[in-house]
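Novice: Take this structure, written in structure tokens, and hold onto it; I'll ask about it next.
The values are calculated or read from the model by the stated rules, or taken from the named source; none is laboratory data. In this text the structure is predicted, and so the values were computed from the model without any measurement. Because the Cβ atoms are built from the backbone with ideal geometry, glycine has one as well, and the counts that use them run over all protein chains shown.
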Amino acid sequence: MANKVTLNSLADLNNSNTAINTINTNFTTIQTAMNNTLSLDGTAPNQMASNLDMNSNRILNLPSAVGLTEPVRLNEFNNTVSALGSLPAATIACTNAATAAAASATASAASATAAAASATNASQTAFGTQSQLTANHTVLNSEKGFVFLMGGNSLYTLTLGDPTTYDTNFYCTAINTDVYTGSGSGRAKKVLLNGVNLPNGFLWPGQWVRIMRNGTTWITDPLRQRWKTSAGPIWYIDPTGSDIVNDGLATGASGAFKTLNGALGVAKSNVDYSGAGPIFQLAPGTYAPMAQEAYVWTGGVALTIQGNLATTDPTAWTISVPPGQTGMNFREPQTVVIIQGIRFTSSGAGATGVAVSQGPVVDLNSCMFSDFTSGTCISGSEHSNLNINSPFINGNSAQFLGLTDQSYAIFTGNWTISAGISVTNFVNIVNQSTLQANALALGTISGTTGRKYQCVYNSTINLGSTIADQLPGNVAGVTGVSVLHGTDSSIVL
């Protein structure tokens, strides 16, 4: 190992001039060497003119970082990570690399001032600069390492442009600091990455995302995440709303979804309901049918779709069904749905209001069925279960209820049936299916035409004494007249 200081030796003191020159030269060499070392008390010069190699040795007793170019201690970093939630190993590695790169880079005081001024209420922390946001914001390259705290209980957008206009090691973090406790509380935020939304569309209350440049693209960590909430979100749907820009967590044109399918696409694939039941709340208006829905929702119990919350006329909340289509279609076991205060009507022949198949449980409360000419208001098949409570019936149909393949339905509540409606079979109970009643009051029925019921293929109608004969229609019901195999043991009680 080479010596950093090399001194000249004295041969003798016989020649005083030579000895003095040698001693003075050695003093100058020592002074130069001392000026090239770090000082314990900070005596100048005391700045590095080259890289400092610790040779795998540690630097001990660092103070808490206060400046953007100061090193962050592991404890501070871990505390920040703990506050944000667990980060995957890949994110931690990327963060460490980006932090090291940022610490080794030089930034002018002017650019640091500009970065702080570009965000609302920016504050410096050990982890980086935190920026409080309550409105739209476009991220600058000078905001590398920023943590954007997105609050305000409103929907707005954090925008990052073309990745190639940012530093190669650019990264930032967005946190939705809103808290959702029910209607009127927290809102989602949009994060737009070079014109593209996050993979799961929104950053929901309490979620965070790390955004990093990767060559010519943006990458996010986590890539996709479900919003875990136990508050049971109410998803608002309004004909004046938007399925493109709105989050559905507020009413009206600026908050609600526009369609049932728009709400379905977001509310099912992005949320863990943690034991709560999602609610679709319709504003008054006319809506297109909802796509077929199946299976349980992640963490959810029952899906509730509601219009009029009272038990009165729900005409203002209408599902209009095109010819041959279905207004709402539910299937598969463990699918549980409650429909409240919605009117179903069709614009042509062969339509179905509500179809249930393959084992779901569906409750229909205070719903209206208007016009299903040559169609069916409600159908249940393949082990389905229906509870039809206090409906309003004011239109013609081939059948109000069609039940088949070991399905079950129950009529309850106070029914409102308009005079003069026409049916083929008011109820058609087929193939080992059962229709029962509990505290049923059909009300006054007059001027209706068609057959009251058909009960065949080992099925049962048990509405109570003589009630089956009070069903709408002017033609008596039939029981067990169509034998499929052997004796038909259908009964009407």
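Novice: So which strands (runs of 3 or more DSSP E) stay within segment 83-194 end to end and still have 1 or more residues that are more than 19 Å from the chain's Cα centre (by Cα), at pLDDT 50 or above and among the aliphatic types (A, V, I, L, M)?
Specialist: Ranges flagged: 122-124, 129-133, 147-150, 157-160.
Yes or no, residue by residue, for (1) part of a loop (DSSP other than H, G, I, E, B); (2) free of Cβ contacts under 8 Å to residues at least 24 places away in the same chain:
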{"residue": "Val5", "(1), (2)": "yes, no"}
{"residue": "Ser9", "(1), (2)": "yes, yes"}
{"residue": "Thr18", "(1), (2)": "no, yes"}
{"residue": "Ile23", "(1), (2)": "no, yes"}
{"residue": "Asn26", "(1), (2)": "no, yes"}
{"residue": "Thr32", "(1), (2)": "no, yes"}
{"residue": "Pro45", "(1), (2)": "yes, yes"}
{"residue": "Asn51", "(1), (2)": "yes, yes"}
{"residue": "Leu62", "(1), (2)": "yes, yes"}
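Novice: Since Ile319 meets every condition but one in (1) over 23 Å from Gly443 (Cβ atoms); (2) among the hydrophobic types (A, V, I, L, M, F, W, C); (3) surrounded by fewer than 24 Cβ atoms within 10 Å (Cβ to Cβ), which condition does it not meet?
Specialist: Among (1) over 23 Å from Gly443 (Cβ atoms); (2) among the hydrophobic types (A, V, I, L, M, F, W, C); (3) surrounded by fewer than 24 Cβ atoms within 10 Å (Cβ to Cβ), the lone unmet condition for Ile319 is (3).
Novice: From the residues in segment 259-278 that are in contact with a strand residue (DSSP E or B) (Cβ under 7 Å, 6 or more places away or on another chain) and in a loop (DSSP other than H, G, I, E, B), which one is surrounded by the fewest Cβ atoms within 10 Å (Cβ to Cβ)?
Specialist: Ser274
Novice: Take Gln436 and decide whether it is outside any loop (DSSP other than H, G, I, E, B) and either free of Cβ contacts under 8 Å to residues at least 60 places away in the same chain or of a type in the set (Gly, Ala, Ser) (or both).
Specialist: yes
Novice: Cβ contacts < 6 Å: first residue more than 14 Å from Leu133 (Cβ to Cβ), restricted to segment 181-200; second residue among the basic types (Lys, Arg) and at pLDDT 95 or above, any location; separation 6+ or different chain. Result?
Specialist: Qualifying pairs under 6 Å: none.
Novice: Could you give every pair whose Cβ atoms fall below 8 Å, whose first residue belongs to segment 250-268 and is in the same structural domain as Thr298 (by TED's automatic domain parsing), and whose second residue is surrounded by 19 or more Cβ atoms within 10 Å (Cβ to Cβ) and assigned to a helix (DSSP H, G or I), counting only separations of at least 6 or pairs across chains?
Specialist: Phe257/Ala263; Phe257/Val266
Novice: Taking segment 279-299 as the search range and keeping residues that are within 26 Å of Thr352 (Cα to Cα) and β-branched (Val, Ile, Thr), which one is surrounded by the fewest Cβ atoms within 10 Å (Cβ to Cβ)?
Specialist: Checked segment 279-299; the qualifying residue surrounded by the fewest Cβ atoms within 10 Å (Cβ to Cβ) is Thr286.
Novice: Could you say which residue among Phe369, Phe392, Phe426, Phe400 is under 19 Å from Gly324 (Cβ atoms) and in contact with a Lys or Arg (Cβ under 9 Å, 6 or more places away or on another chain)?
Specialist: Only one candidate passes the filter, namely Phe369.
Novice: For Leu309, only one of the following conditions fails: (1) of a type outside the set (Gly, Ala, Ser); (2) surrounded by fewer than 24 Cβ atoms within 10 Å (Cβ to Cβ); (3) over 29 Å from the mean Cα position of the chain (by Cα); (4) modelled with pLDDT of 95 or more. What is its number?
Specialist: (3) is the only condition that Leu309 fails.
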